[in-house]
Amino acid sequence: MSPLKKPAKQPEKATEDFVQDRFYERGNRWLKTREIVVSILLWIFLVYPILVLFNSVNRHTLWEGIYHWAYTDGFQLDTFLKRAILIIVVVVLGFSIYLLLRNNHRERKVYPVKKTFDGAAMERRKQLLEAMYAERFGDERSRHQARYYVVAPEQNLPTHFISDTFKQGGMGKA
(Lines give C-alpha, C1' and ligand atoms only; values in the text may rest on other atoms or scores of the structure.)
Protein backbone atom coordinates (compact mmCIF):
# COMPACT_ATOMS: atom_id res chain seq x y z
CA MET A 1 0.00 0.00 0.00
CA SER A 2 1.33 3.42 -0.90
CA PRO A 3 1.90 5.62 2.16
CA LEU A 4 0.00 8.48 0.48
CA LYS A 5 -3.24 6.51 -0.13
CA LYS A 6 -6.04 6.25 2.39
CA PRO A 7 -6.49 2.78 3.89
CA ALA A 8 -9.73 0.93 3.26
CA LYS A 9 -12.18 1.19 6.15
CA GLN A 10 -12.63 -1.88 8.28
CA PRO A 11 -15.81 -1.31 10.31
CA GLU A 12 -15.52 -4.53 12.29
CA LYS A 13 -11.94 -3.73 13.38
CA ALA A 14 -12.78 -0.09 14.10
CA THR A 15 -15.67 -0.85 16.45
CA GLU A 16 -14.17 -3.77 18.35
CA ASP A 17 -11.93 -1.44 20.39
CA PHE A 18 -14.83 0.76 21.55
CA VAL A 19 -16.09 0.39 25.09
CA GLN A 20 -19.75 -0.46 25.21
CA ASP A 21 -21.82 0.47 28.22
CA ARG A 22 -25.32 -0.94 28.75
CA PHE A 23 -26.23 2.20 30.74
CA TYR A 24 -26.40 4.27 27.53
CA GLU A 25 -28.29 1.69 25.48
CA ARG A 26 -32.06 1.80 25.13
CA GLY A 27 -33.94 -0.01 27.82
CA ASN A 28 -32.06 -1.23 30.90
CA ARG A 29 -34.21 0.92 33.19
CA TRP A 30 -33.40 -1.15 36.30
CA LEU A 31 -29.65 -0.76 35.63
CA LYS A 32 -29.98 3.01 35.08
CA THR A 33 -32.13 3.47 38.19
CA ARG A 34 -29.78 1.40 40.35
CA GLU A 35 -26.64 3.19 39.14
CA ILE A 36 -28.16 6.65 39.55
CA VAL A 37 -29.37 5.88 43.11
CA VAL A 38 -25.98 4.43 44.10
CA SER A 39 -24.19 7.47 42.62
CA ILE A 40 -26.41 9.90 44.53
CA LEU A 41 -25.90 8.00 47.80
CA LEU A 42 -22.13 7.96 47.33
CA TRP A 43 -22.12 11.68 46.62
CA ILE A 44 -24.09 12.26 49.84
CA PHE A 45 -21.54 10.17 51.79
CA LEU A 46 -18.78 12.30 50.26
CA VAL A 47 -20.38 15.74 50.68
CA TYR A 48 -22.11 15.38 54.07
CA PRO A 49 -18.93 15.28 56.22
CA ILE A 50 -17.64 18.36 54.39
CA LEU A 51 -20.90 20.19 55.09
CA VAL A 52 -20.70 19.15 58.76
CA LEU A 53 -17.17 20.56 58.94
CA PHE A 54 -18.17 23.89 57.34
CA ASN A 55 -21.26 24.06 59.51
CA SER A 56 -19.25 23.39 62.66
CA VAL A 57 -16.19 25.59 62.16
CA ASN A 58 -18.43 28.64 62.40
CA ARG A 59 -19.72 29.72 65.77
CA HIS A 60 -23.27 29.89 64.37
CA THR A 61 -25.16 27.23 62.43
CA LEU A 62 -25.14 27.78 58.65
CA TRP A 63 -27.62 25.00 57.73
CA GLU A 64 -30.30 23.89 60.19
CA GLY A 65 -30.65 20.26 59.04
CA ILE A 66 -26.92 19.47 59.23
CA TYR A 67 -25.11 18.53 62.44
CA HIS A 68 -23.33 21.37 64.29
CA TRP A 69 -21.02 20.72 67.18
CA ALA A 70 -21.08 23.15 70.07
CA TYR A 71 -18.55 21.79 72.53
CA THR A 72 -15.06 23.00 73.40
CA ASP A 73 -13.16 20.30 71.51
CA GLY A 74 -14.84 21.37 68.29
CA PHE A 75 -13.75 24.97 68.76
CA GLN A 76 -10.21 23.85 69.58
CA LEU A 77 -10.20 21.85 66.35
CA ASP A 78 -11.57 24.90 64.54
CA THR A 79 -8.75 27.07 65.89
CA PHE A 80 -6.13 24.43 65.03
CA LEU A 81 -7.46 24.03 61.47
CA LYS A 82 -7.50 27.79 60.88
CA ARG A 83 -3.91 28.13 62.11
CA ALA A 84 -2.72 25.08 60.12
CA ILE A 85 -4.35 26.34 56.93
CA LEU A 86 -2.85 29.81 57.46
CA ILE A 87 0.63 28.35 57.97
CA ILE A 88 0.28 26.10 54.91
CA VAL A 89 -0.89 29.03 52.74
CA VAL A 90 2.00 31.22 53.93
CA VAL A 91 4.60 28.48 53.29
CA VAL A 92 3.22 27.61 49.83
CA LEU A 93 2.91 31.27 48.89
CA GLY A 94 6.46 32.01 50.11
CA PHE A 95 7.91 29.03 48.23
CA SER A 96 5.97 29.96 45.07
CA ILE A 97 7.24 33.54 45.20
CA TYR A 98 10.81 32.27 45.71
CA LEU A 99 10.53 29.98 42.67
CA LEU A 100 8.99 32.78 40.59
CA LEU A 101 11.82 35.17 41.46
CA ARG A 102 14.44 32.49 40.83
CA ASN A 103 12.93 31.65 37.44
CA ASN A 104 12.73 35.33 36.45
CA HIS A 105 16.35 35.86 37.50
CA ARG A 106 17.49 32.90 35.42
CA GLU A 107 15.52 34.04 32.37
CA ARG A 108 16.95 37.57 32.55
CA LYS A 109 20.51 36.98 33.75
CA VAL A 110 21.61 33.35 33.32
CA TYR A 111 20.00 31.94 30.16
CA PRO A 112 20.91 34.80 27.79
CA VAL A 113 24.60 34.55 28.80
CA LYS A 114 25.19 30.88 29.59
CA LYS A 115 24.36 27.91 27.38
CA THR A 116 22.46 25.33 29.36
CA PHE A 117 22.81 22.57 26.76
CA ASP A 118 25.54 20.96 24.69
CA GLY A 119 25.16 22.41 21.18
CA ALA A 120 27.42 19.84 19.51
CA ALA A 121 25.57 16.92 21.09
CA MET A 122 22.27 18.46 20.05
CA GLU A 123 23.47 18.72 16.43
CA ARG A 124 24.60 15.08 16.46
CA ARG A 125 21.20 14.05 17.82
CA LYS A 126 19.46 16.04 15.08
CA GLN A 127 21.61 14.33 12.44
CA LEU A 128 20.85 10.88 13.88
CA LEU A 129 17.13 11.63 13.94
CA GLU A 130 17.16 13.06 10.41
CA ALA A 131 18.89 9.92 9.12
CA MET A 132 16.31 7.75 10.89
CA TYR A 133 13.40 9.86 9.56
CA ALA A 134 14.80 9.71 6.01
CA GLU A 135 15.15 5.93 6.27
CA ARG A 136 11.62 5.38 7.61
CA PHE A 137 9.58 8.18 6.01
CA GLY A 138 11.54 9.47 3.02
CA ASP A 139 13.68 12.54 2.45
CA GLU A 140 12.94 15.81 4.22
CA ARG A 141 11.57 17.58 1.13
CA SER A 142 8.95 14.91 0.41
CA ARG A 143 7.97 14.77 4.10
CA HIS A 144 7.37 18.52 4.22
CA GLN A 145 5.46 18.61 0.92
CA ALA A 146 3.08 15.74 1.75
CA ARG A 147 -0.38 16.98 2.69
CA TYR A 148 -1.69 13.59 3.75
CA TYR A 149 0.39 10.66 4.91
CA VAL A 150 -0.63 7.32 6.33
CA VAL A 151 1.98 5.70 8.52
CA ALA A 152 2.20 2.01 7.79
CA PRO A 153 2.16 -0.24 10.89
CA GLU A 154 5.80 -1.24 10.36
CA GLN A 155 6.79 2.47 10.34
CA ASN A 156 5.48 3.13 13.84
CA LEU A 157 8.21 3.88 16.34
CA PRO A 158 8.46 1.37 19.18
CA THR A 159 8.78 2.48 22.76
CA HIS A 160 12.28 3.77 23.61
CA PHE A 161 13.25 3.71 19.90
CA ILE A 162 14.73 7.21 19.90
CA SER A 163 16.71 6.72 23.11
CA ASP A 164 17.98 3.39 21.72
CA THR A 165 18.95 5.16 18.48
CA PHE A 166 20.92 7.71 20.50
CA LYS A 167 22.67 4.94 22.43
CA GLN A 168 23.60 3.13 19.19
CA GLY A 169 24.90 6.42 17.79
CA GLY A 170 27.15 6.88 20.83
CA MET A 171 25.05 9.67 22.34
CA GLY A 172 24.17 7.98 25.64
CA LYS A 173 20.99 9.23 27.29
CA ALA A 174 18.74 11.68 25.47
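The values are calculated or read from the model by the stated rules, or taken from the named source; none is laboratory data. Bear in mind the structure is a predicted one, so any value in this text is a computation, not a measurement. As a convention, Cβ positions derive from the backbone with ideal geometry for all residues, glycine included, and neighbour counts pool all protein chains shown.
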When the residues of segment 129-148 are filtered to those that are among the basic types (Lys, Arg) and over 14 Å from residue 162 (Cα atoms), which remaining residue is farthest from the chain's Cα centre (by Cα)? 141
Answer with yes or no whether residue 115 is surrounded by 10 or more Cβ atoms within 10 Å (Cβ to Cβ) and charged (D, E, K, R). no
Out of 66, 87, report the one residue that is without any contact (Cβ under 8 Å) to a residue 24 or more places away in the chain, farther than 30 Å from residue 162 by Cα and outside any helix (DSSP H, G or I). 66
Any residue at all in segment 68-86 that is more than 30 Å from residue 44 (Cβ to Cβ) and exposed (fewer than 11 other Cβ atoms within 10 Å of the Cβ)? yes
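Yes/no matrix, rows are residues, columns are (1) within 30 Å of residue 154 (Cα to Cα); (2) modelled with pLDDT of 85 or more:
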position	(1), (2)
3	yes, no
59	no, no
80	no, no
95	no, yes
Looking only at segment 157-172, decide whether some residue is under 30 Å from residue 44 (Cα atoms), β-branched (Val, Ile, Thr) and in a loop (DSSP other than H, G, I, E, B). no
Write out, first by first residue and then by second, each pair whose Cβ atoms fall under 7 Å of each other, whose residues are 6+ apart or on separate chains, and whose first residue, in segment 18-30, is at negative phi and surrounded by 10 or more Cβ atoms within 10 Å (Cβ to Cβ) while the second is modelled with pLDDT of 85 or more and part of a loop (DSSP other than H, G, I, E, B). 22/28
